[in-house]
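Chemist: Following this message is one structure expressed as structure tokens.
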Amino acid sequence: MNIISLLQEKVAAGVLALYGEAPAINQIAINKTRKEFEGDFTVVTFPFTRVAGKKPEDVGAELGQYLQKEFQYVAGFNVVKGFLNLVISDTFWLDFLVKDAQAPNYGQQPSNGRKVLVEYSSPNTNKPLHLGHIRNILLGWSTSRILETAGYQVKRVQIVNDRGIAICKSMLGWQRFAGGATPETKGIKGDHFVGQYYVAFERAFQEEYRDWQQTAHGQSVFNDRQDKSQDEAAFFKAYKDAYFNVYSPLGADARDMLRRWEAGDPDTISLWHRLNQWVYDGFDETYRRLGVYFDKIYYESDTYLLGKDLIQQGLDNGVFYRRDDGSVWIDLTDAKLDHKVVLRSDGTSVYITQDIGTARLRYDDFGVEKMVYVVGDEQNYHFQVLFEIMKRLGEPYAQGLHHLSYGMVDLPTGRMKSREGTVVDADDLVDEVIGEAREGSKERDATAELSTEERENIIRQIGLAALKYFIIKVHPQKRMIFDPKESVDLQGQTGPYIQNAYVRIQSVLRKAQEEGYALTGSDVKDYALHTDEKDLIALLYDYPAQIEEAAANYDPSVIAAYCYGLAKSFHKFYHDFSILRADTEASKQLRIMLSSAIANSLKNGMDMLGIEMPERM
């Protein structure tokens, strides 16, 4: 029951009846009434002054009288300048509560026949998933669930960066420092195990680099520097990558391993498969803990040569141009994006080349019209260039490409550095928030009668809700600080706070069931709503619009904010009003029904965020 559409139709009919000319429906602006004014919805009357030949406030008064007389759901009105504020009758809100809000799948939109692909996670196989990956994963998963609820057919994918010099560093580190150890012999999760040897390689390299700086060769390089204003510390900090690529024995060994991998050396490929499988097994365990999955996984080792055929087509069609050295470029200066190389002079790919090819591959695989890339904001320019190239190539999905750009995540203690082994592993963070939830549960005894297994499952649900909600509630583009202790607070804007509202309702519903109440709605037909009851029903009514907004903007924080607002309003209502001991049978029925509908929307809303709702806390 869409009151906005109904009002637009009635307003059009009213303007026609009053002034002889009906406005187009899309010219009729209807918004929620501002809190400082009485009313539920506001009609903007300025567009009707021409045909009426009257001032906006006069049009508002006449149109308000018409609507109150001709439309059963308008109970009253007031006019503030050019704005007609309409009071919607209790009959509408009660009909909505009984007929629509009680549906288990309320908010779920029918299929729109459109396909969208969401890429998220996409880690490297040289280290475990960490806090930054968690934000990526949670944004990707919740976006995919919101799009599904909005009626899209969604495909979830990731591309694993399983090749390159960084992967060779972890392989070389294992060869040099592991002594044949495996995850099984060490009792360590596979991705953590491999990550240790990436760190071990980096530490060995740092030690090698420090020693080289004191050699005659190192001092000679420093003395020959072009920028004489640089002191020794600043110079060697900036020179590290050059040293790795030119002078470092470890760097030479890593590059040699990469060359052997690219040449298909059997021993190198075997080692690569072995370490990567350890990492994949570890990733899968983390994904299971977070409750996420993928419909398809792409691997960079399979896709890094893609895109060259599209580059050739673009050359033939004048999209790209070739320089004298043989390299291929595109001129994007008219889009304020400069010139961009897409093939090196030796014919090898750059990173954007494979992205071009991978986009086409995914379209061939799934036939999607939209692709959402969940990638950190340091890649904003890259995706601007990629999307502009795809448009110029005339790809059928090019207008549906979207970069869900997000800010980095810090901890109260500061930034993370993976090379130094100071990252916060995803698994460790999950363990920490579950530990915080366990500590908090000791202060409550509501689950004392449950088995140990049941209590542990509830603690897990609370801990993961704390982690997921704390991250998702922040607008994706904002940088954020994650505080594990703050995330489990039952009084703040947290996942457990929202879970607690749901648990309260479940307790009410269990008691109502014990007392034999059946939610038929027959006793509330002529019920006079209290303002707080009406406000809660209006919040429920707004739920599908929130889903639509979140889907349109690829912004899960919209749903997070909605769930918090609904939970907060219910907590206040629960404190101010009796539900099972209400004064009349009608108010008791109404409040039980209202509570049930709120619980349903909270559960479905949080499910879109990947958060489970416990029955008890």
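No lab work stands behind these numbers, since they all come straight from the coordinates. The structure displayed is predicted, hence computed values, not measured ones. We place every Cβ from the backbone using ideal geometry, glycine too, and count neighbours over all the protein chains shown.
Chemist: Across 5 Å bins from the origin, how do the percents of Cα pairs in segment 3-88 run, short distances first?
Modeler: Bin by bin from 0 Å, the calculated values are 3, 17, 31, 30, 16, 4, 0.
Chemist: Next question. Calculate the radius of gyration of the Cα atoms of the chain to one decimal place, then report Dmax, the largest Cα-Cα distance, as a whole number, both in Å.
Modeler: Expressed in Å, the Cα Rg and Dmax of the chain come to 30.2, 96.
Chemist: At 0.36 nm per residue, minus the direct Cα-Cα distance, what do residue 50 and residue 277 gain on full extension? Give it in nm, one decimal, please.
Modeler: Roughly 74.6 nm would be gained on extension.
Chemist: List the lysines whose Cα sits under 24 Å from the Cα of residue 228, skipping any in the same chain fewer than 8 residues away.
Modeler: 237, 240
Chemist: Please say if segment 444-556 is rounded, prolate or oblate, where rounded means a/c under 1.5 for a ≥ b ≥ c the square roots of the C-alpha gyration tensor eigenvalues, and otherwise the choice is prolate for a/b larger than b/c and oblate otherwise?
Modeler: In terms of gyration-tensor shape, oblate.
Chemist: Could the peptides 456-468, 499-511 be put in order, highest first, of the mean number of other beta-carbon atoms found within 10 Å of their residues?
Modeler: So the peptides 456-468, 499-511, ranked by packing, come out 456-468, 499-511.
Chemist: Could you list 141, 93 in order of exposure, starting from the residue whose Cβ has the fewest other Cβ atoms within 10 Å? It would help to have the intermediate numbers written out before the result.
Modeler: Details: 141 27, 93 24.
The order, fewest Cβ neighbours first, is 93, 141.
Chemist: Give me the distance in nm between label points sitting 7 Å out from Cα along the Cα-to-Cβ direction at residue 391 and residue 27, one decimal.
Modeler: Result: 3.2 nm between the two label points.
Chemist: Once R0 is set to 45 Å, what does the formula 1/(1 + (r/R0)^6) return for the Cβ-Cβ distance between residue 305 and residue 334, expressed as a FRET efficiency to the nearest 0.05?
Modeler: The pair residue 305/residue 334 has a calculated efficiency of 0.90.
Chemist: With labels modelled as points extended 7 Å from the Cα through the Cβ direction, what inter-label distance (nm, one decimal) is found for residue 233 paired with residue 542?
Modeler: 5.3
Chemist: Here's a follow-up. Identify all aspartates and glutamates with a Cα-Cα distance to residue 485 below 20 Å; exclude those on the same chain that are fewer than 8 residues away in sequence.
Modeler: 410, 425, 427, 428, 431, 432, 436, 439, 443, 456, 612
Chemist: Which part of segment 594-617 falls in the paramagnetic zone of residue 450, meaning amide N under 12 Å from the point 7 Å along Cα-to-beta-carbon?
Modeler: The answer is 613-617, whose backbone nitrogens lie closer than 12 Å to the label point.
Chemist: Work out how much length residue 549 to residue 206 would gain on full extension: take 0.36 nm times their residue separation and subtract the Cα-Cα distance, in nm to one decimal.
Modeler: 118.6 nm
Chemist: Any idea what angle helix 3-19 forms with the longest principal axis of the chain, computed on alpha-carbon atoms, 0 to 90 degrees, nearest 10?
Modeler: 50
Chemist: Quick one: work out the % antiparallel among DSSP beta bridges in the chain, nearest 5.
Modeler: 50
Chemist: Right, here's the next one. If each residue of separation counts as 0.36 nm, what is the full-extension length gain between residue 381 and residue 322 once their alpha-carbon separation is subtracted?
Modeler: 19.0 nm
Chemist: Any idea what angle helix 452-472 forms with the longest principal axis of the chain, computed on alpha-carbon atoms, 0 to 90 degrees, nearest 10?
Modeler: Taking Cα atoms only, the helix is inclined about 90 degrees.
Chemist: Of 408, 593, how do they rank once you tally other Cβ atoms within 10 Å and put the fewest first?
Modeler: Least crowded to most crowded, the residues run 408, 593.
Chemist: Do the alpha carbons of any pairs in 155/308; 99/534; 525/568 sit beyond 18 Å of each other, and which pairs?
Modeler: Beyond 18 Å between Cα atoms: 155/308; 525/568.
Chemist: Let me know the shape class of segment 165-316, please: from the alpha-carbon gyration tensor, a ≥ b ≥ c as square roots of the eigenvalues, rounded when a/c is under 1.5, otherwise prolate if a/b is greater than b/c, or oblate.
Modeler: Oblate.
Chemist: Kindly rank 42-52, 580-590 from highest to lowest mean number of other beta carbons found within 10 Å of each residue.
Modeler: Details: 42-52: 19.4, 580-590: 15.5.
Per-residue mean Cβ counts within 10 Å order the peptides as 42-52, 580-590.
Chemist: Given points 7 Å out from each Cα along the Cα-Cβ axis, report the residue 531 to residue 215 separation in nanometres with one decimal.
Modeler: For residue 531 paired with residue 215, the spin-label model returns 8.0 nm.
Chemist: Which of the aspartates and glutamates could a cross-linker span from residue 336 if the Cα-Cα distance has to be under 15 Å and same-chain partners fewer than 8 positions apart are dropped?
Modeler: Cross-link targets: 388.
Chemist: In deg cm²/dmol, rounded to 500, what helix-only [θ] at 222 nm does the chain give when every DSSP H run of at least 4 residues adds -39500 (n - 2.57) and the total is split over its residues?
Modeler: -17000 deg cm²/dmol
Chemist: Continuing with the same structure: If packing is taken as the mean number of other Cβ atoms within 10 Å per residue, what is the order of 555-561, 157-163, highest first? Could you put the intermediate results ahead of the total?
Modeler: On the way: 555-561: 23.4, 157-163: 21.3.
Output ranking for 555-561, 157-163: 555-561, 157-163.
Chemist: Another question about this same structure. Evaluate the charge dipole of segment 312-398 about its Cα centre and quote only its size in Debye, nearest 20, assuming +1 on the Cβ of each Lys and Arg and -1 on the Cβ of each Asp and Glu.
Modeler: 100
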